[in-house]
Amino acid sequence: MNTMKDFSGTCPICDAPVTLPSDTQVSEVISCSYCKSKLVVESLTKQKAIIAKAPDVEEDWGE
Amino acid sequence: MLTLGILHTTIRADEKLIIEAAKKAGIATQLIDVRSEIFNPATYMANFDIALERCISTVKGTYATHFLESVGIPVINSSAVASICEDKFLTSLVLEKNNVPTPAFALVFGIDEARQAIEQIGGFPVVIKPNVGSWGRLLAKINDMDALEAIIEHKDVLGSPQQKAVYIQKFIEKPGRDIRAFVIDGKAICAVYRASEHWITNTARGGKATKCLVSKELKHISKIASDAVGRGILALDVFETDEGLTINEINHTMEFKNSEEPTGVSISSAIVAYCVEVYKKYEK
């Protein structure tokens with residue numbers, strides 16, 4: 001169940017609704033629970049989240 | 001009150017754990033997405049006291065580290081540590097120089113030299129890996145000349161200039177696992193086995209993490225390897241061999257989210273505590 005502090009947005013790949021907890025951060029990587037796509041939180045305003053497809057892995061990524 | 005700047009690109013579960021650990025310790029955090037920063041020394045104003053480099057991109061993380069150090073902000077890990085650990089050849093050279101056990105290795109730029117280098121390090125199989133890279137990506141186990149020729153031709157034709165520096169490492173037969181030791185300021189705080197039926201055991205590639213007790217030998221090799229590269233917050237990939245433990249690689253922006261549960265150790269809290277300790281020393 002959504003609480004007042006949750007954020008809501010839409011998966012840019014499958015259009016499914018996405019609910020994010022109150023401690024979500026901008027730039028956080030998440031997965032769509034419907035289509036399993038890797039997504040990234042672009043912005044958080046009030047209870048709305050703008051979500052985009054996560055960037056593809058680049059050659060210098062890692063530990 | 002101390003504010004810890006967390007340099008990042010994307011925020012992974014690991015950064016979330018660090019943010020939570022800092023909150024529990026009463027340390028303020030400032031998230032700094034380096035992609036949105038302008039690193040101009042004439043205008044830069046920092047709103048944090050010390051930085052923890054957690055960028056998923058090595059290039060962005062390294063430039064951010066160099067910049068902040070140049071304007072007087074301490075960064076963990078330092079640019080000196082990062083510049084060694086981000087490059088597998090440089091890491092191997094430093095380990096070798098400091099008598100830390102590590103598999104035989106060589107760097108070449110061409111096929112004839114690769115053939116000779118492989119003879120020098122004991123023959124096939126060998127592993128060719130990118131000098132900069134992670135998560136077991138683009139690793140190639142080379143069992144014979146045919147595979148060697150194919151890989152080197154592909155790197156020559158398709159690779160970036162950096163891919164044309166060919167790092168070759170002796171293949172180590174593992175007991176279906178390797179060890180990942182989490183080492184802070186020279187002390188192995190915990191470790192996991194990473195088990196896989198595949199010769200690549202990275203958890204990013206499906207390797208399963210289970211608790212590994214920190215033995216006296218693991219503690220020792222962790223300390224000497226950490227000392228060799230300049231300490232800081234490190235994750236060491238360690239192979240078990242008949243001759244004892246040997247260091248495969250050292251990671252300077254370690255991922256640990258899958259290892260807190262099996263080890264029972266709050267790696268994120270240890271990271272935050274170390275940042276505070278470094279800042280206190282810096283202040284004096």
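Read-outs: derived from the displayed coordinates by stated rules, not from any lab. Every value quoted in this text rests on a predicted model; they were computed, and no experiment measured them. Cβ sites come from the backbone with ideal geometry, for glycine too, and all protein chains shown count toward neighbours.
Some notes on this structure:
- Qualifying GluC sites (Glu not before Pro) in the range B:157-261, DSSP loop, other Cβ atoms within 10 Å at most 13: B:Glu173, B:Glu197, B:Glu243
- Among the trypsin sites (Lys or Arg not before Pro) in chain A, those placed in a DSSP loop whose Cβ has at most 12 other Cβ atoms within 10 Å are A:Lys5, A:Lys36, A:Lys46.
- Rg [Å, one decimal], Dmax [Å, integer] - the range B:98-206, C-alpha atoms: 15.2, 44
- With a 10 Å cut-off around each Cβ of A:48-61, the average count of Cβ atoms from other chains is 4.
- Using the Cβ-Cβ distance between B:Glu261 and B:Met45 with R0 set to 25 Å, the FRET efficiency from 1/(1 + (r/R0)^6) comes to roughly 0.05.
- Ratio Rg/Rh, restricted to the range B:153-265 and using Cα atoms, in which Rh is the Kirkwood radius: 1.01
- Value at 222 nm in deg cm²/dmol, rounded to 500, when DSSP H runs of n ≥ 4 in the protein assembly as shown each add -39,500 (n - 2.57): -9000 deg cm²/dmol
- Cα-only Debye scattering, the range B:164-218: base-10 log of I(q)/I(0) at q = 0.23, 0.28, 0.31 Å⁻¹: -0.93, -1.06, -1.14
- Alpha-carbon gyration tensor eigenvalues x 5, square-rooted, for the range B:36-186, Å: 35, 19, 13
- Partner aspartates and glutamates whose Cα lies under 15 Å from the Cα of B:Lys24, excluding those fewer than 8 positions away in the same chain, are identified as A:Asp23, B:Glu15.
- Likely footprinting exposure, B:His154, B:His66, B:His8, fewest C-beta neighbours within 10 Å first: B:His154, B:His66, B:His8
- Shape index of chain A: Rg/Rh, with Rg the Cα radius of gyration and Rh the Kirkwood radius from the inverse mean 1/r over Cα pairs, equals 1.00.
- Rg in Å to one decimal, and Dmax rounded to a whole Å, for the range B:201-273 via C-alpha atoms: 12.6, 37
- Fewest-first sequence of B:Met1, B:Met145 by Cβ atoms within 10 Å of each Cβ: B:Met1, B:Met145
- Scaled against 2.2 N^0.38 Å for its residue count N, the alpha carbon radius of gyration of the range B:78-129 is 1.27.
- Relative to the current alpha-carbon distance between B:Met1 and B:Lys281, full extension at 0.36 nm per residue lengthens the span by 99.3 nm.
- Pairwise label distance in nanometres, B:Lys141 with B:Ala28, each label 7 Å out on the Cα-Cβ vector: 5.2 nm
- Cα-based Kirkwood hydrodynamic radius, the protein assembly as shown, one decimal, Å: 21.5 Å
- Computed across the range B:44-122, the Kirkwood hydrodynamic radius from all distinct Cα-Cα pairs reaches 15.0 Å.
- Alpha-carbon Rg/Rh ratio, for chain B, with Rh computed the Kirkwood way: 0.98
- Estimated distance in nm for a label pair at A:Ser37 and B:Lys97, the labels positioned 7 Å out from Cα along Cα-to-Cβ: 4.8 nm
- Loop-located GluC sites (Glu not before Pro) in the range B:6-58 whose Cβ has at most 16 other Cβ within 10 Å (DSSP): B:Glu37
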